[in-house]
Amino acid sequence: MQKEIHQNQFEPCCLATTIGSLPHTDADRATRLMLRSTPEIPSWVQFPKRDYHENMMMQFTEGLPVLIQEGDRIFFSTQADDFAEQLTDFYERFLAATEEGNLQALDSFGLSPQYAVGFSEFMTKLAEPSISGAAVMLKGQVTGPFTLGTNLIDQNGRCAYYDEQLRDIIVKTVSMKALWQMQRLSTFNLPVMIFIDEPSLLGFGKMTFLSVSREDVIRDINEVTSVIHARGGLAGVHCEENTDWSLLMETELDILDFDAYDHLQGITLYPAELAKFFRRGGCLGWGIIPTLDKDAAATETVESLLERFEEGIEQFVARGFSRDLLRRRALITPSCGAGGVLTEPLAERVLDLLHTLSTTLCNRYGFTKG
């Protein structure tokens with residue numbers, strides 16, 4: 001039986017985890033590096049440079065009905081002759097997995113090694129007691145419904161998120177991908193957190209997405225979150241730059257992971273909403289290790305990042321938040337996935353900085369690791 005952890009019982013106390021991706025192509029080596037740098041809250045690794053199936057817009061599309069691939073183009077074919085049959089099959093599998101607990105149906109939404117070799121490698125490594133012994137929680141991730149839905153299109157080039165039926169399919173598929181990961185990871189008898197990666201929320205509210213309401217986004221994220229909570233897990237979100245954090249503070253998410261290196265100011269603009277988020281047990285993921293700037297990743301030190309973190313804490317304190325609470329509710333992460341602009345050596349430097357910074361903060365504040 002998987003250990004459950006209620007959101008208001010969870011305080012990461014400056015432990016570290018990763019967002020997901022690395023630039024490596026050797027799954028064994030990269031997974032070992034990740035486990036070494038984040039032994040308490042390890043995450044499976046995504047390998048976007050290893051195979052195009054591991055691109056975040058492709059990785060979680062397995063099992064989606066009427067999704068057609070023609071060369072590099074992927075789109076929903078709502079005019080397919082068997083459209084109705086595929087939808088019926090999809091919803092039958094969904095209901096069997098959610099209402100009947102049918103594991104075979106849930107497996108139809110799983111992550112195959114072709115799309116996520118890092119997950120199978122993660123499961124293999126965690127089976128070795130010498131590797132998994134330090135873990136207090138396991139982390140998985142999915143591409144969020146807004147990001148996936150606004151990047152996938154139909155046969156006419158129209159954004160799938162604007163189609164009510166396609167949006168529902170996408171939201172439910174993301175939910176099942178999260179549930180499948182939790183079911184697999186539960187075999188290790190540790191709490192599980194799932195991050196919902198939503199980089200496209202940066203564009204929410206702009207001209208492109210004017211027809212999408214705030215309530216739509218909150219409802220869809222909450223649908224995924226409720227599946228995670230029902231299984232006893234924690235739900236986090238990772239967003240970039242100056243996302244409208246007040247929207248995410250209105251959801252049922254437990255962890256908000258933000259770019260604390262370049263865009264800390266954005267999340268401090270909503271003190272009332274953040275106070276409410278903290279009162280219900282919410283935590284902040286401090287993306288303090290830079291991954292989007294090669295020069296920063298190459299030159300920052302533990303000392304400089306410590307100073308940046310402390311300065312960030314003081315910005316929140318100046319808005320009335322408890323310094324002790326902020327430290328206890330802090331999860332330390334990279335600012336974004338490391339599989340984009342970084343080379344393998346730079347990504348490994350980021351992992352080293354992440355590990356050392358977390359350890360230093362835990363020692364400084366008297367938090368016990370493990």
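Within segment 110-131, residues that are farther than 18 Å from GLY339 by Cβ and basic (Lys, Arg) have Cβ atoms under 8 Å from residues that are at pLDDT 95 or above and not in a loop (DSSP other than H, G, I, E, B) in these pairs: LYS125/THR31; LYS125/ARG32; LYS125/LEU35, counting only partners at least 6 apart in sequence or on another chain. For ASP89, the conditions (1) touching a Phe, Trp or Tyr at 6+ places or on another chain (Cβ under 9 Å); (2) modelled with pLDDT of 95 or more; (3) of a type in the set (Asp, Glu) all hold with the exception of (1). From the list THR38, THR31, the lone residue that is surrounded by 20 or more Cβ atoms within 10 Å (Cβ to Cβ), touching a strand residue (DSSP E or B) at 6+ places or on another chain (Cβ under 6 Å) and among the β-branched types (Val, Ile, Thr) is THR38.
In this structure, is LEU292 surrounded by fewer than 21 Cβ atoms within 10 Å (Cβ to Cβ) and part of a loop (DSSP other than H, G, I, E, B)? So LEU292 fits the description; yes.
Just name the residue that is nearest to LEU15 (Cα to Cα) out of those in segment 31-47 that are part of a loop (DSSP other than H, G, I, E, B) and under 15 Å from the mean Cα position of the chain (by Cα). Out of the qualifying residues, it is ILE41.
For segment 135-188, the set of residues classified as under 18 Å from GLN46 (Cβ atoms), touching a Phe, Trp or Tyr at 6+ places or on another chain (Cβ under 8 Å), outside any helix (DSSP H, G or I) and not aliphatic (A, V, I, L, M) consists of LYS139, GLY140, GLN141, THR143, listed by residue number.
The number of residues in segment 67-91 being among the acidic types (Asp, Glu) and exposed (fewer than 12 other Cβ atoms within 10 Å of the Cβ) comes to 3. Residues in segment 78-97 that are polar (S, T, N, Q) and within 13 Å of ILE169 (Cβ to Cβ): THR78, GLN86, THR88. Within segment 327-370, the residues that satisfy the criterion of being β-branched (Val, Ile, Thr), in a loop (DSSP other than H, G, I, E, B) and within 24 Å of LYS294 (Cα to Cα) are VAL341, THR343. Among the criteria (1) hydrophobic (A, V, I, L, M, F, W, C); (2) closer than 22 Å to ALA16 by Cβ; (3) part of a helix (DSSP H, G or I), the one VAL224 does not fulfil is (2).
The values are calculated or read from the model by the stated rules, or taken from the named source; none is laboratory data. Just so it is clear, the structure is predicted and the values come from calculations on it, not from any experiment. Backbone-built Cβ (ideal geometry, glycine too); neighbour counts: all protein chains shown.
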